[in-house]
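The values are calculated or read from the model by the stated rules, or taken from the named source; none is laboratory data. Keep in mind that what you see is a predicted model, and the values were worked out from it rather than measured. Quick reminder, even Gly has a Cβ in these numbers, built from the backbone with ideal geometry, and neighbours come from all protein chains shown. SASA here: full protein model, heavy atoms, side chains in, ligands and nucleic acids out. Shrake-Rupley method; radii C 1.70, N 1.55, O 1.52, S 1.80 Å.
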Amino acid sequence: LEDPKDAGDRFTAKGLLKFLKNQSTVFVLELLLKVFGIIEPLHLKLQSQSLDIGQAIFAVKAVSAALQDLRNDKSFLSIVENAKILASHLGLKPKTNNKRASVVSPMMSEFHVLSPLGKRDSDIDSTNSLKFNVFYPAIDRIISELDRRFMNGPNHGILSAIDCMSPTLILNDK
């Protein structure tokens, strides 16, 4: 006989596999790859034992600007295309929408409905959903967290004063 615990583990594994085989998951992984690639130099600089506060502030500003530059339709579409390529390499097929034909209610036959309510799951809608529910909020959250921790926090005055006295900035002014 099969152990009930094994059946539960198998059920959990099947659900996780189904989740991972979703194209939205592949998009999120592509987005994380792109964002972490931008953030990694800052991460390494902030973890350095010989941390120069002025250079760290400069790196925070540079990462924030790079993330702002990433926040556009061209970058979004590039990430979507990379996700589609990765999904095809993984053998994931886009969802096909086998919808029933919709029938207009006899009560609504005299009215003109400009847009249906509650209908979505088309490719365009899911792409817009990724853009407005994942892409922009993820980038905005990271930028706001960088601002909160380094630019607008209680130590902002001290950090900006140290930034002004950075040897790199002083030598570049000459």
### Task
With respect to residue 65, determine if the residue is modelled with pLDDT of 85 or more, surrounded by 10 or more Cβ atoms within 10 Å (Cβ to Cβ) and either touching a His at 6+ places or on another chain (Cβ under 6 Å) or among the aliphatic types (A, V, I, L, M) (or both).
yes
### Task
Please give the number of the condition residue 78 fails out of (1) touching a helix residue (DSSP H, G or I) at 6+ places or on another chain (Cβ under 9 Å); (2) open to solvent by 80 Å² or more (accessible area, probe 1.4 Å); (3) hydroxyl-bearing (Ser, Thr, Tyr).
(2)
### Query
Quick check: anything in the stretch 22-45 free of Cβ contacts under 8 Å to residues at least 60 places away in the same chain, farther than 24 Å from residue 137 by Cβ and either open to solvent by less than 80 Å² (accessible area, probe 1.4 Å) or assigned to a helix (DSSP H, G or I) (or both)?
yes
### Residues (in a helix (DSSP H, G or I) and exposed (fewer than 12 other Cβ atoms within 10 Å of the Cβ)) located in the stretch 46-59
47
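Return the residue satisfying two criteria in turn: it lies in the stretch 139-148 and is open to solvent by 40 Å² or more (accessible area, probe 1.4 Å) and in contact (Cβ under 8 Å) with a residue 24 or more places away in the chain, and of such residues it is farthest from residue 54 (Cα to Cα). Quick ask: steps written out before the conclusion?
As a first pass, look at the stretch 139-148 and keep what is open to solvent by 40 Å² or more (accessible area, probe 1.4 Å): 140-142, 144-145, 147-148.
Remaining after also requiring in contact (Cβ under 8 Å) with a residue 24 or more places away in the chain: 140, 142, 147.
Values: 140: 24, 142: 21, 147: 16 Å.
Per the stated criteria, the residue is 140.
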#### Entry: Exclusive hit being outside any loop (DSSP other than H, G, I, E, B) and under 28 Å from residue 148 (Cβ atoms), set 87, 65, 83, 7
65
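In the list 51, 42, 17, which residue meets the criterion of being at pLDDT 90 or above and out of contact with any Cys (no Cβ under 6 Å at 6 or more places or on another chain)? Explain how you work it out, then say what you get.
On the way: 51 fails: at pLDDT 90 or above; 17 fails: at pLDDT 90 or above.
Only one candidate passes the filter, namely 42.
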